[in-house]
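Below is one structure, written out as structure tokens; comments come after it.
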Amino acid sequence: MTTLQASNLLISSSLSTCKCNVIESTLHAPKLKSLRLSFPKLSSTNLVEELNIRNGYKTTTTTEQEMIKTSTSGRDDEGSSNSLVMAELYAILETISDRIEMHANIGEQRNNWNTLLLTSINTITITAATMAGLASISGNGTPLLALKLSSTLLYSAATGLLVVMNKIQPSQLAEEQRNAVRLFKQLQRQIHTTIALRSPTSMDVNGAIKKVLALDKAFPLPLLGGVMLEKFPKTVQPAVWWPQQGRQGKQFGGELNNNGWNASLLDEMREIVGVLERKDTQEYVRLSKMILKVNKTLAIVGPLLTGMAALGSTLVGSPSHGSWAAVLAIVGGAMASVINTVEHGGQVGMVFEMYRSCAGSFQLLKESIESTLNEKEVERRENGEVFEMKVALQLGRSLSELRSLAGCSSIKAEDVTEEFASKLL
């Protein structure tokens, strides 16, 4: 081995030794532990607020936060109350929709009763009169007995049906249901208008419930159990379908020149009330009484004629009273058909109910004006201009015609004939 090779071998061994030492020092380096530093939490309030709290004072920020929380909770309570009122009103609207459907269906059914019963009774009566006439010209024997018996049975059936029909007055029942449908629809529109114009309150809910119950009482659906309205009342009064309130005297007053009200408008409404009471309401009550008398007479005469015709048909063919009995059976049946057609074909009961409802409409308008004028706080009344327009439209008049009517009513002249307030009815 040469000297050069020996020196190279020594250098390489020394280098490998150094590498091993480096690696070992790297592998066995000590691990450093992680330090966890804790810092004090900073308060969310500044120094001034903290000093004020320590001294017993509330800061402006704290007060504002409490006010915000209070107002927020108040709005939540108000919102929940308003939601409850809206839910109640929509429940009432659903009930009203159901009532409208019920009254419409029953009104159509009772109108069919009037048509079918009228046709059936007239057919039975004419058939019975025809049989009585045939019996009067037929000889003795079985044909005569069969015709007499058939005529008597038909007249008896017609008499019974007429008594029932005159008792319930189907045309009047149908008119009641038509009025109920119209008034329930009117109440439905009023509730929708209230919801659209302002936030409803519990007073609106209570008022709507009272109106629904008043309509149910005014236009009952059953015919039995004493619930049906009396068709031949002893005293005729205007129909009432609104909640009754305590009667108050005519103490019209309140602060004027506010909320659309002034002295001239107050005098105008007072005169309108007088005209409605003296002319329109009394006139329709008078007409109702007259129609009631006519209807009562027809309701008695019709069954009486068919009963007499039934009695005459039993005596047809007898030696002593055969001719007169035939006349009574034939003429009585013909007259009964005419009376029945006039009463139920002309729907006299419906006319009576219509006149009574018209009188009730004027009574309602009069009470509405009086209750508005009796409110002493003018701010709580309906706006005077809007109220005047509503009254004018309900009477079928323009504003100028309404004021002219009030002016003519205030003139106490004997040669001036006072006109009716309504041009609509």
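The values are calculated or read from the model by the stated rules, or taken from the named source; none is laboratory data. In this text the structure is predicted, and so the values were computed from the model without any measurement. As a convention, Cβ positions derive from the backbone with ideal geometry for all residues, glycine included, and neighbour counts pool all protein chains shown. The area values use the complete protein model at the heavy-atom level, side chains included, leaving out ligands, DNA and RNA. Shrake-Rupley method; radii C 1.70, N 1.55, O 1.52, S 1.80 Å.
Using the alpha-carbon positions of region 149-212, Rg (one decimal) and Dmax (whole number) come out as 22.5, 73 Å. Under Stokes-Einstein, with the Kirkwood radius over Cα pairs standing in for Rh, what whole-number D in µm²/s applies to region 289-355 at 20 °C and 1.002 mPa s? Roughly 167 µm²/s, to the nearest whole number.
Quantify how much of the Cα-Cα distance distribution of region 321-366 extends past 16 Å, in percent. Write down the numbers at each step before the final one.
Values: 622 of 1035 pairs.
Of all Cα-Cα pairs in region 321-366, 60 percent lie more than 16 Å apart.
Overall dimensions of region 350-396, expressed as equivalent-ellipsoid semi-axes from the Cα gyration tensor (√(5λ), whole Å, largest first), are 27, 12, 5.
Near Glu283: Cβ cut-off under 12 Å, other residues only, Lys/Arg at +1 and Asp/Glu at -1. The net charge is 0.
Checking the table Lys210/Lys293; Lys289/Lys390; Lys289/Lys366; Lys211/Lys366; Lys234/Lys279 against a 26 Å threshold on Cα-Cα, which pairs fail?
On the way: Lys210/Lys293 34 Å; Lys289/Lys390 30 Å; Lys289/Lys366 21 Å; Lys211/Lys366 18 Å; Lys234/Lys279 23 Å.
Pairs exceeding the cut-off: Lys210/Lys293; Lys289/Lys390.
Each peptide among 200-211, 171-182 gets the average number of other Cβ atoms lying within 10 Å of its residues, and from highest to lowest they stand as 171-182, 200-211.
When the chain is fully extended, how far beyond the present Cα-Cα distance does Ser323 get from Val342, taking 0.36 nm per residue of separation? The partial results should precede the final answer.
Values: separation 19, 0.36 × 19 = 6.84 nm, distance 2.87 nm.
Value of the extension gain: 4.0 nm.
When the Cα atoms of region 246-380 are aligned to their principal axes, the ranges along those axes come out at 90, 23, 19 Å in descending order. For Val164 and Ala263, a Förster radius of 45 Å and the Cβ-Cβ distance give a FRET efficiency of 0.15, rounded to the nearest 0.05. Residues whose amide H lies under 5 Å from that of Trp261, counting only those 5 or more places away or on a different chain, are Gly384; hydrogens are built 1.01 Å from N in the peptide plane. Carbon-plus-sulfur accessible fraction, region 284-425 (probe radius 1.4 Å, protein heavy atoms only): 65%. The peptide list 263-274, 340-351, 232-243, put in order of mean Cβ contacts within 10 Å with the highest first, becomes 340-351, 263-274, 232-243.
Direction-averaged projected area, Cα convex hull, region 330-425: 10.0 nm², rounded to one decimal.
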